[in-house]
1. With a 10 Å cut-off between alpha carbons and a GNM built on the chain, which of Leu210, Leu68, Leu113 moves the most?
2. Any aspartates and glutamates with Cα under 17 Å of the Lys207 Cα? List them, leaving off those in the same chain fewer than 8 positions away.
3. Ignoring everything except DSSP H segments at least 4 long, calculate the 222 nm mean residue ellipticity for the chain; use -39,500 (n - 2.57) per segment, divide by total residues, nearest 500.
4. Taking the Cα centre of the chain as the origin and placing charges on Cβ (Lys, Arg +1; Asp, Glu -1), which of Val216, Pro96, Tyr35 is farthest toward the positive end of the dipole?
5. Sorted by accessible area with a 1.4 angstrom probe, largest first, how do Tyr109, Tyr196, Tyr41 fall?
6. What full-extension length gain, to one decimal in nm, is calculated for Asp77 and Leu5 as 0.36 nm per residue of separation minus the Cα-Cα distance?
7. Which length gain, in nm to one decimal place, applies between Tyr115 and Trp226 when the Cα-Cα distance is subtracted from 0.36 nm times their residue separation?
8. Pull up the cross-link candidates among the lysines for Lys108, meaning alpha carbon to alpha carbon under 25 Å and not fewer than 8 places away within one chain.
Amino acid sequence: FFEALDKNGANFVRTWMHAWNLPLEWSRVTSTDRYSDTDKYFNPGGIERMDELMQLADEHGIYLMLALDAHGGFITDGEWPLNNYNSENGGPVNTPEEFFTDPDARAKYKNRLRYLVARWGYSPHIAVWEFFNEVDNVANEENIADQVITDWHTEMSAYLDSIDIYNHIISTSISHDHIDGLYSVADMDINQRHFYRETGNIPGVLKSHLSGKPFVVGEFSREWDWNIDFS
């Protein structure tokens, strides 16, 4: 993909770390034969693939918005049963909500941020650290209060900003539901939202965010359900 993008003049991509892609903090992987389960603190296959990704990004002039987690990994009916933070897998907490509130879980997450910065923070091809892909979906599915999500992002963005001497952009994203206070977190550099089934509203929303932080539409399409046939 990077070679083809380079040949066609593209220089920016967005990708996720998750149980099936770049699974840095996933001991149990799913839906892929690219990675193997492991008993290591960080997944060696995820590390190796991320090293390769950064090499390719440098080679082809590609800049990455790297989503460090996707919402499905913190939803009980999603990939939470595989999650390293889940006590069933030796993690510190029992529920997705406790991931955001428990001091041990927060300390564990900061270890991950420290590793990310230490190993790959040197590269200008990390354009954006994005904490979550669509964190509002976690809040909705698990009935987590907005303040809990905002407090977590406040602490983690401040910590990441304090250790990243190269000052990469920091962000997170939501899909369709507002998280009270999230757009005002001081150490978040850009705000993001994804638009599906309402692409006609994008111009108006962009205009409404002309003041304040830069506002990014990180994903958009007529429909999010790939099973629908519009032919």
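The values are calculated or read from the model by the stated rules, or taken from the named source; none is laboratory data. The model shown is predicted, which means the values in this text are computed figures rather than measured ones. Every residue, glycine among them, receives a Cβ derived from its backbone with ideal geometry; neighbour counts consider all protein chains shown. Keep in mind that these areas ignore ligands, DNA and RNA; they rest on the heavy atoms of the full protein, side chains included. Shrake-Rupley method; radii C 1.70, N 1.55, O 1.52, S 1.80 Å.
1. Sorting by GNM fluctuation, first place goes to Leu210.
2. Counting by Cα, and skipping residues close in sequence, Lys207 has these aspartates and glutamates nearby: Glu198.
3. On the way: 7 runs with 80 residues, N = 231.
The helix-only estimate for the chain comes to -10500 deg cm²/dmol at 222 nm.
4. With unit charges placed on the Cβ atoms, the residue in question is Val216.
5. On the way: Tyr109 0, Tyr196 60, Tyr41 110 Å².
Sorted descending by solvent-accessible area, the residues read Tyr41, Tyr196, Tyr109.
6. Numbers: separation 72, 0.36 × 72 = 25.92 nm, distance 3.52 nm.
Difference between extended and current length: 22.4 nm.
7. Working: separation 111, 0.36 × 111 = 39.96 nm, distance 3.50 nm.
Working it through step by step, the gained length comes to 36.5 nm.
8. Excluding near neighbours in sequence, the set is Lys40.
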